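Colleague: Quick one: the structure is below, and I'll ask about it shortly.
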Amino acid sequence: MTAINENFQKLPGSYLFSEIARRVAAYEQEHPDKKLIRLGIGDVTRPLPGAVTAAMHRAVDDMATAGGFHGYGPEQGYDFLREAIARCDYQARNVDIQPGEIFVSDGAKSDCGNIVDLFARENRVAVCDPVYPVYVDTNAMAGRAGDYDEAAGRWTNLIYMPCIAENGFTPAIPEGRADMIYLCFPNNPTGAVATRAQLQAWVDYANANGSVILFDAAYEAFITTPGIPHSIFEIPGAETCAIEFRSFSKTAGFTGTRCAYTVVPKALERGGASLNSLWNRRQCTKFNGVPYVVQRGAEAVYSDEGRAQVRETLDYYLNNARVIREGLTAAGLTVSGGVDSPYVWARTPAGMPSWDFFDRLLRRANVVTTPGAGFGPSGEGYIRLTGFGEATATQEAVRRIKSAL
């Protein structure tokens, strides 16, 4: 009989956002007259920037000609996009990242999960708690997480680094050795950011221990506080211990269009092997690249017109986050995030369990949020709200939540 990967059987229940969708669908079926406002899943609502769609239209016209047609593209991404990324996202910040260290993909979520292919099963993995579920679940699927302890809400072989109010929602370096370290700043779900000194401590730890930092910077474009690093590679020594994931999804509205990139420095080696070469080999084997039309759209993000349009959209979402943060604070909830991030992290009232508060807001306010417990043990007692909605609907959602408290 064919054997399956038994690690899938260890995964608890369903994926967080699938469970949210199930509960929301059930409520809508029971109450078809209710109009829900969705501040849960981090999907965007603003259209693609005009500069992006114009570039994609031109690229579609290219595809209609013999001379401009593009079939299989380079698995690493077209040079025009890799060069734009290197120049605008890194070299403009005095960070020496070269096009050959950049790999264009169909999403940071995919890359955060696929990167585990490079690492041996016996590596110890450290994750922030609360944590984006993909980091945990993909390592569980690979057999690296141990067994799930349902009572404790955690995996037996993962190192959980609590991110709680008492430490400003930023993790402390673990006492034991961690081989693979997932960091996400601005953080999903808490909205916290890390200072240069905090990131330097992680880089020094990783280099001293031969660890690899897997740095999710998908929300770096939302940083507004001066002096906060936008990239792990702004930190001296990071090129020998870190991989960085970035995305056009939240920055430029590519959630449905799908385009992102991962930076693997050529200086990063473990066990005598270049991780840049290993990731290139993995991508060439399992991936056929992002479509030409999509990459031309992503390239337009870096044009003068594209930059201005993207900034306008980012400000729109940040203003929504401000409305949520200020409104819930005025209502008496303890709130963080929403300054350098589109996410607002709110403590539930009177210690109410996260899923109970989720259900209360769904039924009493007709507002969809994300229960913090779905992000890990330290997320219990919180909910996450996003600033990605429409502005008027966001204001109405805050009004409804206030009335439901």
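The values are calculated or read from the model by the stated rules, or taken from the named source; none is laboratory data. The structure presented is a predicted model; accordingly, all values stated were derived computationally and were not measured. Every residue, glycine among them, receives a Cβ derived from its backbone with ideal geometry; neighbour counts consider all protein chains shown. The accessibility values were calculated without ligands, DNA or RNA, using every heavy atom of the protein model including side chains. Shrake-Rupley method; radii C 1.70, N 1.55, O 1.52, S 1.80 Å.
Colleague: Per the helix-only calculation at 222 nm, which mean residue ellipticity applies to the chain, given -39500 (n - 2.57) for every DSSP H run of n ≥ 4 and division by its residues, nearest 500 deg cm²/dmol?
Modeller: Values: 12 runs with 139 residues, N = 405.
Result for the chain: -10500 deg cm²/dmol, rounded to the nearest 500.
Colleague: Right, here's the next one. Would you work out which of Tyr160, Ala321, Ile228 lies farthest towards the positive end of the dipole of the chain? Charges go on Cβ: Lys and Arg +1, Asp and Glu -1.
Modeller: Ala321
Colleague: Only four residue types carry charge here, +1 at the Cβ of Lys and Arg and -1 at the Cβ of Asp and Glu. Report the dipole size of the stretch 46-175 about the Cα centre in Debye, rounded to the nearest 20. Intermediate values should be presented prior to the final figure.
Modeller: Values: 10 positive and 19 negative charges, 57 e Å.
Dipole size: approximately 280 debye.
Colleague: Express in nm, to one decimal, how much length is gained between Glu305 and Ala172 on full extension, taking 0.36 nm for each residue of separation and deducting their alpha carbon distance.
Modeller: Details: separation 133, 0.36 × 133 = 47.88 nm, distance 4.09 nm.
That pair, Glu305 and Ala172, stretches by 43.8 nm at full extension.
Colleague: Dipole magnitude of the chain about its Cα centre, charges +1 at Lys/Arg Cβ and -1 at Asp/Glu Cβ only, in debye to the nearest 20?
Modeller: Values: 39 positive and 45 negative charges, 156 e Å.
Charge dipole, the chain, about its Cα centre: 760 debye, nearest 20.
Colleague: In terms of modelled amide H atoms, which long-range or inter-chain residues lie less than 5 Å from the amide H of Gly42?
Modeller: Excluding prolines and chain starts, which carry no amide H, there are no hits.
Colleague: Going highest first, how would you order 77-86, 92-101 by mean Cβ packing within 10 Å?
Modeller: Values: 77-86: 19.7, 92-101: 15.2.
So the peptides 77-86, 92-101, ranked by packing, come out 77-86, 92-101.
Colleague: Apply the Karplus parameterisation 6.51 cos²θ - 1.76 cosθ + 1.60, with θ equal to phi minus 60°, to every residue of the stretch 179-188 and state each ³J(HN,Hα) to the nearest whole Hz, in sequence, with x for glycine and proline.
Modeller: With the stated coefficients, the stretch 179-188 comes to 8, 10, 10, 8, 10, 9, 9, x, 7, 10 Hz.
Colleague: How large, in percent, is the carbon and sulfur part of the accessible surface of the chain at a probe radius of 1.4 Å? Can you show the working numbers first?
Modeller: Details: 8460 of 16900 Å².
Solvent-exposed carbon and sulfur of the chain make up 50 percent of the total.
Colleague: Could you give the accessible area per residue of the stretch 275-332, probe 1.4 Å, as a whole number in Å²?
Modeller: Per residue, the stretch 275-332 has 45 Å² of solvent-accessible surface.
Colleague: Using Cα springs under 10 Å in a Gaussian network model of the chain, which residue among Gly73, Gly372, Gly40 shows the largest mean-square fluctuation?
Modeller: Gly73
Colleague: With +1 assigned to the C-beta of every Lys and Arg and -1 to the C-beta of every Asp and Glu, and no other charges, what is the dipole magnitude of the stretch 289-405 about the Cα centre in debye, to the nearest 20? List each step's numbers first, then the result.
Modeller: Details: 13 positive and 12 negative charges, 96 e Å.
So the dipole magnitude of the stretch 289-405 works out to roughly 460 debye.
Colleague: Pull out the extension gain between Ala26 and Lys286, defined as 0.36 nm times the separation in residues minus the alpha carbon to alpha carbon distance; nm, one decimal.
Modeller: Details: separation 260, 0.36 × 260 = 93.60 nm, distance 3.70 nm.
Result: 89.9 nm gained on full extension.
Colleague: Please go through the residue pairs Lys250/Lys402; Lys109/Lys266; Lys10/Lys286; Lys109/Lys286 and name each one whose alpha carbons sit more than 20 Å apart in this structure.
Modeller: Numbers: Lys250/Lys402 27 Å; Lys109/Lys266 22 Å; Lys10/Lys286 25 Å; Lys109/Lys286 16 Å.
Going by Cα-Cα distance, Lys250/Lys402; Lys109/Lys266; Lys10/Lys286 fall outside the 20 Å limit.
Colleague: Something else: How far is the Cα center of the stretch 243-259 from the Cα center of the stretch 373-389, in Å?
Modeller: 21 Å
Colleague: In the chain, if the dipole is taken from +1 on Lys/Arg beta carbons and -1 on Asp/Glu beta carbons about the Cα centre, which of Gly272, Ala365, Gly289 is farthest to the positive end?
Modeller: Final value for the positive-end residue is Ala365.
Colleague: For the stretch 344-356, just list the computed ³J(HN,Hα) in residue order, Karplus coefficients 6.51, -1.76 and 1.60, θ = phi - 60°, integers in Hz, with x standing in for Gly and Pro.
Modeller: 10, 10, 10, 6, 6, x, 6, x, 4, x, 4, 5, 5
Colleague: Sticking with this structure for a sec: How many angstrom lie between the Cα centre of the stretch 146-214 and the Cα centre of the stretch 352-368?
Modeller: Cα centres, the stretch 146-214 to the stretch 352-368: 29 Å.
Colleague: Leaving ligands, DNA and RNA out of it, rank Arg325, Arg311, Arg246 by accessible area with a 1.4 Å probe, largest first. Can you show the working numbers first?
Modeller: Details: Arg325 50, Arg311 85, Arg246 10 Å².
The ranking, largest first, comes out as Arg311, Arg325, Arg246.
Colleague: Amide H to amide H under 5 Å from Arg270: which residues, 5+ apart in sequence or cross-chain, H placed 1.01 Å off N in plane?
Modeller: HN-HN under 5 Å from Arg270: Leu275.
Colleague: How many Å² of accessible area per residue for the stretch 75-121, probe 1.4 Å? If you can, show how the numbers build up before the last one.
Modeller: Numbers: 1870 Å² over 47 residues.
Heavy-atom accessible area per residue stands at 40 Å².
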